[in-house]
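Notes follow once the structure below has been shown.
Derivation of every value follows stated rules applied to the coordinates shown; laboratory data play no part. No experiment lies behind these values; they were computed from the predicted model shown. Note that we place each Cβ from the backbone using ideal geometry, even for glycine, and neighbour counts take in every protein chain shown.
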Amino acid sequence: MLPLFLKRHPVILPSCPALPASDEYHPEMDDKTVLGRINELVDEEHKLRNRLSAGEISADEERARLKELEESLDQCWDLLRRRRAARDAGHDPDAEQAHSTDEVENYIQ
């Protein structure tokens, strides 16, 4: 069974892949999947910086892709934090939904 947030918003958070349907779904598996995606995005960020250093891409290309990566990372971290908070409060973490990039990027710090 897919988490509710993936059923409702499969496109809002394209950087966090959908989980395969399974009768043996466990919320911890989803948290691990989000963490895995965070690690992939960080790795891509490092590779991107290396490509710039090697002259394979322009600074503008790097800047544009870094912005996308940072927004995706913010979304993933936000979702993970909210899932953990829901679980800690005794609520269903699968009820948490991915927030849009605009919403996540405009949180008051």
For the stretch 44-79 the number of residues that are under 23 Å from E105 (Cα atoms), basic (K, R) and free of Cβ contacts under 8 Å to residues at least 12 places away in the same chain is 2
Checked the stretch 48-86 for anything of a type in the set (K, R) and under 18 Å from the mean Cα position of the chain (by Cα); matches are R65, K67, R81, R82, R83, R84
Output the residues belonging to the stretch 47-89 that are closer than 17 Å to D30 by Cα and exposed (fewer than 13 other Cβ atoms within 10 Å of the Cβ). R81, A85, D88
Can you tell me which residues in the stretch 80-97 are touching a helix residue (DSSP H, G or I) at 6+ places or on another chain (Cβ under 6 Å), assigned to a helix (DSSP H, G or I) and in contact (Cβ under 8 Å) with a residue 12 or more places away in the chain? L80, R83, R87, P93, D94, A95
